[in-house]
Each structure stands twice: as structure tokens, then as C-alpha cells.
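**Q** To start, I am sharing the structure in question, which I have written as C-alpha cells.
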Amino acid sequence: LQLYNAVLRHQPSHPIAKKELRKLHKGISQNQSIPVESLDPPQDQITVLVDLYHSEQMRKTEQSSKKLLQTYPQSLTVMNILSEALKAQGKLQSALQVFDEAIQLKPDFAEIYSKRGNILKVLARLDEAVFSYDKAIQLKPGYAEAHNNRGNALQELGRMDEAVESYDQAIQLKPDYAEAYNNRGNAIGELGQLNGAVENYD
């Protein structure tokens, strides 16, 4: 791992090093004695990125994230911060590409599938968004946010009954989920159930 990272520091696009690192990462993720977090930069460097992001310096966040990825190309934490910074700048295709790379490294990362679905939804690729949410839920059935996001995509597709079912599942998993109640109210309002919509908004 250290040797391949050293190669990528000098040649960030080196195809063999990138391919072999993916193989190594799969082996590491299957070995519970080696945490995936060990592929991340030191915590102080992560903190700098997070501070940049929260201070809304998105361009600097993007640049710093990309620089760190040259040294830590397998860091899912940095990839996640980078994708959020790209999304905030409206660079949706680039953010989607980062999510896809993260999924290649860790195919069982439910949160990335859900965030990927959010990008696809903004791009109006709604069927793909629903598929991405479905994958997140398959990996993490108790993921209330993914159920809610799935409902939003289904609602935009006009599949109101299915959207309500997704909101129901989100609320069952997280009874204090105000956003899901609001979205459910919107959906059943579209179905003509206005009194029920008001109850959900209440």
C-alpha cells in the first residue's frame, strides 16, 4: 500500500498503481483487523478540510482535497468532502464521478449510494436516482434518509403511492423525522387526501 501510494504521489494517474490499490483496498476492507480509516490522512488534515468546507471556501476545499488524494488516493473521507465541495459549486458531473470512484473502492458504502442518488436527482436522472437509493437501502435497510430521498425521486416521477410507502418506511425507522412527514404530506396532498396532508404537516 505504501509503495503504490508513493508511485501515485509522483504519477497520480498511473493505471497499474491505481488498479492494484483497488485490489488491495478490497482485501483490506474484508480484513476486519485493518480498519478502512487507516487509508485516510491524519485527523488534523481532515479537520482542515472540514473547516474549509464549513467556512464555505468551496474552491479551496476542492483544491486541498485533490492535493490530499494524490497522497491518499484511497481515502473515502476525503472523496466525500471533495464531492460535497464540487456539489456546492454546481459541478455535479464531477461530484458524480467522485462518488462512482468511491463506490469502486468500497461497493458496500450505503451512504455514498444515497448521496449519489441526490446528485442524479438534481440532474433529473430520476430512474437512476431511484436505483441508487435502492442500492443504499439494500446495503443498509435501516437507512431512513435513503428511504426519504427515494420517496422524493418517486414523487418527481409521479409515482405517488410508492413515494408514500417510502416516506412511511422512513418515518417508521425515525419517528421524529420532520422532513419525511412534510414530504409525505406533499405526496398525499397530490393524491387528493388534503386532510391527511394537513395531519402530516402538523
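The values are calculated or read from the model by the stated rules, or taken from the named source; none is laboratory data. For clarity, every value in this text was computed on a predicted model and none was experimentally measured. Virtual Cβ from ideal backbone geometry, glycine too; neighbours counted across all protein chains shown.
**Q** If you go through the stretch 94-105, how many residues are touching a residue at least 24 places away in the same chain (Cβ under 8 Å) and out of contact with any Asp or Glu (no Cβ under 9 Å at 6 or more places or on another chain)?
**A** Total satisfying the criteria: 4.
**Q** Of the conditions (1) surrounded by fewer than 14 Cβ atoms within 10 Å (Cβ to Cβ); (2) over 16 Å from the mean Cα position of the chain (by Cα); (3) at pLDDT 95 or above, VAL164 clears all except one; give me its number.
**A** (1)
**Q** Residue pairs, Cβ under 6 Å, 6 or more apart or interchain, first in the stretch 166-184 and closer than 20 Å to PHE131 by Cα, second aromatic (Phe, Trp, Tyr) and surrounded by fewer than 20 Cβ atoms within 10 Å (Cβ to Cβ). List them.
**A** ALA170/TYR177
**Q** Filter the stretch 62-112 for residues that are among the basic types (Lys, Arg) and touching a His at 6+ places or on another chain (Cβ under 9 Å) and give the result.
**A** Result: LYS106, single match.
**Q** Here's a check for you: in the stretch 111-132, which residue that is without any contact (Cβ under 8 Å) to a residue 24 or more places away in the chain and either polar (S, T, N, Q) or buried (at least 24 other Cβ atoms within 10 Å of the Cβ) (or both) is nearest to LEU92 (Cα to Cα)?
**A** Going through the qualifying residues, I end up with ARG116.
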